[in-house]
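Trainee: Sharing a structure here in structure tokens format.
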Amino acid sequence: MKKAMLIFSACACLAFGQSGFLKEHIKVSQDGKFIGFATVLTPVEILSQNAKNAKVKVSGFVNENYQEKLVKDPQKYEEYLIFADENDNASFKGESNPFIKVLKKAEDEYGEIWLESELSFDLPSSAIVASPDELYAKAKSEYEQVCSACHHLHAPSEFSVSQWPFAIESMESGGFVVLEPAQKDLIIKYLQHNAKDAK
Ligand code: HEC
């Protein structure tokens, strides 16, 4: 009995088909070619994994006329992947994004066409966490520290998933806050996770 349990726990690293979350804002490469960035807390399906490396799949939606981002869904604009070149220049505007596999097309209420898509890529196993709880707790405390200096903390439920990134942008462009990309990513994810239309 004891032996069987040991074997079972030793195999727990081979988590085929399991889900996880990105631990940080990471660079994404496909077949060794840099294709952009994935955001912290993006949910991934683990296709294969060993102690060092993993292959994951991310699913979401890409706007047909603006193929630079893969988001959670057309209504809840939470960014999962931002496609870019080495110089951080956005690419694939209105062209066909070669890195995604399009599963089907859907039209939203404004007549925009969305490509329900997926893509897989390799990353270090250390960049995946099984549970998002610790990261959301860290995000919450970052938010409370950074965003309470000048006014009361706005409740995450005051704005929608799609509105929060603009609120942060306006704090940045107004010169009120300077955020590191990773920190900005984390704060946005926390606010979106608890936004008024999050559930
Ligand atoms: C240095 C001071 C300062 C800091 C730090 C700051 N803000 Fe603000 N914030 C302001 C001021 C001033 C306003 C009102 C004027 C404006 O909206 O430009 C404001 C307004 C807002 C509003 C209301 C906008 C609306 O349309 O009702 C939101 C939401 C907000 N801030 C979010 C944040 C978040 C999130 C952070 C942390 C990333 C943050 N603020 C950090 C100064 C600050």
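The values are calculated or read from the model by the stated rules, or taken from the named source; none is laboratory data. It should be emphasised that the depicted structure is a prediction, and the values quoted were computed from it without experimental measurement. Reconstructed Cβ throughout: ideal geometry from the backbone, glycine too, with neighbour counts over all protein chains shown. We work out accessible area using only protein heavy atoms, side chains counted, and drop any ligands, DNA or RNA first. Shrake-Rupley method; radii C 1.70, N 1.55, O 1.52, S 1.80 Å.
Trainee: Going by the structure shown, is ASP133 at pLDDT below 95 and open to solvent by 60 Å² or more (accessible area, probe 1.4 Å)?
Mentor: no
Trainee: Go through (1) surrounded by 12 or more Cβ atoms within 10 Å (Cβ to Cβ); (2) among the hydroxyl-bearing types (Ser, Thr, Tyr); (3) within 23 Å of VAL58 (Cβ to Cβ) for SER157 and report which single condition fails.
Mentor: (3)
Trainee: Out of all the residues in segment 122-143, is one or more touching a residue at least 40 places away in the same chain (Cβ under 8 Å) and within 27 Å of TYR66 (Cα to Cα)?
Mentor: yes
Trainee: May I pose another question? Given (1) without any contact (Cβ under 8 Å) to a residue 12 or more places away in the chain; (2) open to solvent by 70 Å² or more (accessible area, probe 1.4 Å); (3) away from the ligand (no atom under 16 Å from the Cβ), where does HIS151 come up short, assuming only one miss?
Mentor: Checking HIS151 against (1) without any contact (Cβ under 8 Å) to a residue 12 or more places away in the chain; (2) open to solvent by 70 Å² or more (accessible area, probe 1.4 Å); (3) away from the ligand (no atom under 16 Å from the Cβ), the one that fails is (3).
Trainee: Among the numbered criteria (1) in contact (Cβ under 8 Å) with a residue 12 or more places away in the chain; (2) open to solvent by less than 60 Å² (accessible area, probe 1.4 Å); (3) assigned to a loop (DSSP other than H, G, I, E, B), which single criterion is violated by GLY111?
Mentor: (1)
Trainee: Which condition number does SER117 fail, the rest of (1) at pLDDT 95 or above; (2) not in a strand (DSSP E or B) being met?
Mentor: (2)
Trainee: Can you tell me which residue within segment 165-193, out of those that are in a loop (DSSP other than H, G, I, E, B) and within 6 Å of the ligand (Cβ to nearest atom), is surrounded by the fewest Cβ atoms within 10 Å (Cβ to Cβ)?
Mentor: That would be GLY174.
Trainee: Could you list all residues from segment 31-47 that are surrounded by 15 or more Cβ atoms within 10 Å (Cβ to Cβ) and in a strand (DSSP E or B)?
Mentor: Those that are surrounded by 15 or more Cβ atoms within 10 Å (Cβ to Cβ) and in a strand (DSSP E or B): ILE35, GLY36, PHE37, ALA38, PRO43, VAL44, GLU45, ILE46, LEU47.
Trainee: With the structure loaded, tell me whether LYS196 is part of a strand (DSSP E or B), among the charged types (D, E, K, R) and out of contact with any Lys or Arg (no Cβ under 7 Å at 6 or more places or on another chain) or whether it fails that test.
Mentor: no
Trainee: What are the residues in segment 155-164 that are within 8 Å of the ligand (Cβ to nearest atom) and out of contact with any Leu (no Cβ under 7 Å at 6 or more places or on another chain), if any?
Mentor: GLU158, PHE159
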